[in-house]
Each structure stands twice: as C-alpha cells, then as structure tokens.
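Every read-out reported here was derived from the displayed coordinates using simple, explicitly stated rules and does not represent laboratory data. All values derive from a computational prediction rather than experimental measurement. Note: ideal-geometry Cβ built from the backbone for every residue, glycine included; neighbour counts use all protein chains shown.
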Amino acid sequence: MVTMTTSRTAKARTREPEGGSPREASPRGGRPHSGGPRRRTRTPAASVGLHAGLLTGTVCALFPPLWLLVTSFKPKSESFTTALVKDFTLGNYRHVVADTHFLSWFGNSLIVVVGTTVIGVFIAATTGYALSRFRFPGMRPLMWILLITQMFPMAVLIVPLYNTMANLGLLNQPAGLIITYLTVAVPFCAWMMKGFFDTIPVDIDESGRVDGLNPFGTFWRLILPLAKPGIAVTGFYSFVTAWAEVAYATAFMTGEENQTLAGGLQNFVNRYGTDWGSMTAAAVIVAVPAGLVFGFAQRHLVSGLTAGATKA
C-alpha cells in the first residue's frame, strides 16, 4: 500500500507545473498546453484586408462633410468643379447671414431645441424611473405603448398631428413643434432610461427613504446624479430630433420668418435652380452646434447606450 501511494503521488507531481496550476497533457503525447483560450494570429492578407476596409469606411464617412466644407468657400461659378478652393471667399456665409432670414431660423430652432431637450429629458427620466422602481396597474401596457409608438413611420403621423395642432391653434408656433418632437423623443428615451435605472442598485433608494426622503426626493437627489450617462444620451437624442428634423418643421411652420434651420435650408432650392454655395454655407453653420453638443456628450454616450441596451 505504501508503494502504491508513493507512486500515485509521484505521478501527480509530474503532472503539475512548478507554478501550481495544472496543465493538460496533449492527447497524442505532445507538449502540454494551458487550459486558456488560444490566440489566433492574423495572416498578412487578412490584416491588409482589414486595414483597407477600415480606410475605405473612413474615407466614405469623411468625404461628404469635407467636400461640403470645401464647396462653401468656393464662388458660385465653381460649385461643381472637382478642384479644391482656388478663389477663397466668404461671400456665401455673408449672403446667408445678411440677406436671408437665417438668424430668425436659428432663433426658432434654438427655442424648439431647448424646449424639446429640457422637457423631453425630464419626462423621459421620471417615466423611466417610475417604470424601473414601481409596480402599478397598467405598467406592462404602458411599456408596450412606448415600443409600439416607435413603429409608426413619420409620414403616417404628419396628417393627424397637423390636424391636432391646427385645432389647438399651435401651427406656426414653436410650442407646436416642441409637442410634436416630444411625441417622437420621449417614448424611446423613456424606455432607454428605464434600462439605465435598472443598473442602479435599489439599496440607494432604500437608504434615501431611511433618511426621510420621499420618492421624488430620492430620485432628484440620489438617483439622478448617478444617471449622467443616460441623461447625456437622452439629451443628445432629443437635441438631434429637434435640430435636424425637416418633415414636421416644413409642414407645421409656414412663412420664412417662422421656419427653423432645417426647413429654411429648403429655400435655397426652387424650380429655377439650386444655390449650392448658400446651401453648403448654411449647412456648415447648422452642423457646428450639433458637433459641439456631440463633443460635450460623447464621453457619456457609450456607457449610457450600453446600459440602456443591456437592461431594457
């Protein structure tokens, strides 16, 4: 018995490496290999194909905005030339700002965007928090309604929304556009905020109630500061919805002085021709605020979208 135990112990020692972690022996008597996943080495051809694909995608993504920027600095006579800027000019920008209602369009867009973003984020955050923390009659149908509303195309909703706004006297009013954009932004943002609030531990709410806070106080003081990534995503989505939308803005706002930026750009296109220089200059100016907002919110976008996607 002593001899058999000693031989088994010796065999066990020979199978263990010096570091103490066991390694599997090769089934054909070859070298033992670790139990972890093997790294696959990329062949040179695959590496070249990968980098070529990434380079092609980058060029396709950057070429349109760069060419838009280049065209905005060209004279109108050189708008269709493939050469870069030969005669640099700011005349297109001066014409857009001084000779059109661009400043009025910008002011109308600013009012609509600020109203849509602030109200939309507040409604989406409170709705998402209620769906995440409370159980009440009609909760499941409400969640289904938030999803079903995203299935209707925008073209189907223009006529009923137009009739509703006309009956309420909200045509050619920024409030009408704000309400319309809220119907688009709030359902998606509320569902996403619900998924984000699910990732925040319920113990924080319980500690707030122990300290004497009511449900809204717990939401406002404890939960909302932890939800900055989700708020950044919903705010950016609400901003883009109101800033770049064309169909509702064109249908509900008539007259050049009442239009927003997205609707005002269509004034540069008529049956007699297209003023590409003014249109590209106005498009560049319109893109600047969107780029600034994206740069401010981009560090929160990935974490906010991931949390909302995994828990929704």
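Computed from the mean reciprocal separation of all distinct C-alpha pairs, what Kirkwood hydrodynamic radius does segment 87-192 have, in Å?
Numbers: mean 1/r = 0.0608 Å⁻¹.
Taking every pair of different Cα atoms in segment 87-192, averaging 1/r and inverting gives 16.4 Å.
In whole Å, largest first, what are the principal axis extents of the Cα atoms in segment 192-309?
Answer, in whole Å and largest first: 70, 27, 20 Å.
At a 10 Å Cβ-Cβ cut-off, how would you order TRP67, TRP105, fewest neighbours first? Present the calculation step by step, with values, prior to reporting the outcome.
Numbers: TRP67 13, TRP105 26.
Arranged by neighbour count, lowest to highest, TRP67, TRP105 become TRP67, TRP105.
Treating each Cα of segment 124-255 as an identical point scatterer and ignoring solvent, apply the Debye formula and state log10 I(q)/I(0) at q = 0.14, 0.20 Å⁻¹.
Log10 I(q)/I(0), no solvent term: -0.73, -1.12.
Quote the Stokes-Einstein diffusion coefficient, in whole µm² s⁻¹, for segment 46-111, based on the Kirkwood radius over alpha carbon pairs, a temperature of 4 °C and a viscosity of 1.567 mPa s. Could the numbers behind the result be given before it?
Working: Rh = 14.7 Å.
Estimated via Stokes-Einstein, D reaches 88 µm²/s.
Calculate the translational D of segment 130-179 in whole µm² s⁻¹ from Stokes-Einstein, where the hydrodynamic radius comes from the Kirkwood formula applied to all Cα pairs, the temperature is 10 °C and the viscosity 1.306 mPa s.
Working: Rh = 13.2 Å.
Approximately 120 µm²/s, per Stokes-Einstein.
Could you work out how far apart the two model spin labels at ARG140 and VAL118 are, taking each label as a point 7 Å from the Cα in the direction of the beta carbon, and quote it in nm?
Those two pseudo-labels are separated by 3.9 nm.
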